[in-house]
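The values are calculated or read from the model by the stated rules, or taken from the named source; none is laboratory data. Quick caveat: nothing in here was measured; it's all calculated off a predicted structure. Virtual Cβ from ideal backbone geometry, glycine too; neighbours counted across all protein chains shown.
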């Protein structure tokens with residue numbers, strides 16, 4: 001079974017494709033990427049709304065392409081939680097809309113479910129999440145620092161997408177899908 005996981009964000013959206021053996025429940029990473037978008041440069045004259053539309057397009061188009069190419073059986077997605085700023089709320093809205101465009105409809109997991117399914121604590125730090133994901137799936141193409149560990153600044157989104165997979169496996173929706181496949 002092919003399962004695509006997504007950790008959505010306006011700036012850094014991570015996608016990881018897993019191949020799951022439903023008999024043994026063993027999983028391996030088949031592919032991954034992070035789609036990065038940036039605000040228009042300050043010296044460019046562009047409306048804020050036009051910039052936002054362009055960034056949305058930069059997320060939507062490659063994701064639709066990957067869905068067409070990989071044709072996942074299921075999608076697990078982390079739903080964003082509330083924000084404390086207008087900028088954060090804008091990213092929240094973009095992420096929710098992006099998830100609404102996915103087909104098949106994603107099985108949704110919360111940030112707390114993601115942290116508990118991986119590190120086991122709802123207060124897990126970024127560094128703990130990355131260390132857990134790196135140990136669980138060293139075959140993933142990680143960007144490493146000089147010490148041979150994944151870079152915290154760039155790899156947190158991939159680590160979250162890995163954890164989304166394990167949270168998704170624990171949902172009643174996934175268990176229901178699995179029961180129909182047997």
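Exactly one of these conditions fails for residue 34: (1) in contact with a helix residue (DSSP H, G or I) (Cβ under 7 Å, 6 or more places away or on another chain); (2) closer than 16 Å to residue 162 by Cβ; (3) exposed (fewer than 15 other Cβ atoms within 10 Å of the Cβ). Give me its number.
Exception for residue 34: condition (3).
Matching residues to (1) in a loop (DSSP other than H, G, I, E, B); (2) modelled with pLDDT under 90:
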{"site": "59", "(1), (2)": "no, no"}
{"site": "62", "(1), (2)": "no, no"}
{"site": "75", "(1), (2)": "no, no"}
{"site": "80", "(1), (2)": "yes, yes"}
{"site": "87", "(1), (2)": "no, yes"}
{"site": "96", "(1), (2)": "no, no"}
{"site": "99", "(1), (2)": "no, no"}
{"site": "103", "(1), (2)": "yes, no"}
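Within region 146-164, which residues are surrounded by 13 or more Cβ atoms within 10 Å (Cβ to Cβ), out of contact with any helix residue (DSSP H, G or I) (no Cβ under 8 Å at 6 or more places or on another chain) and more than 18 Å from residue 3 (Cα to Cα)?
Residues satisfying the conditions are 151, 154.
Within region 113-123, does at least one residue satisfy the condition of being under 30 Å from residue 57 (Cβ atoms) and surrounded by fewer than 12 Cβ atoms within 10 Å (Cβ to Cβ)?
No, region 113-123 contains no residue that is under 30 Å from residue 57 (Cβ atoms) and surrounded by fewer than 12 Cβ atoms within 10 Å (Cβ to Cβ).
Given 39, 68, which one is surrounded by 13 or more Cβ atoms within 10 Å (Cβ to Cβ), out of contact with any strand residue (DSSP E or B) (no Cβ under 9 Å at 6 or more places or on another chain) and over 20 Å from residue 108 (Cα atoms)?
39
Out of all the residues in region 20-31, is one or more under 12 Å from the mean Cα position of the chain (by Cα), within 21 Å of residue 70 (Cβ to Cβ), at pLDDT 95 or above and part of a strand (DSSP E or B)?
There is no residue in region 20-31 that is under 12 Å from the mean Cα position of the chain (by Cα), within 21 Å of residue 70 (Cβ to Cβ), at pLDDT 95 or above and part of a strand (DSSP E or B).
Return only the number of the condition from (1) surrounded by fewer than 19 Cβ atoms within 10 Å (Cβ to Cβ); (2) at pLDDT 95 or above; (3) under 17 Å from residue 13 (Cα atoms) that residue 173 does not satisfy.
(3)
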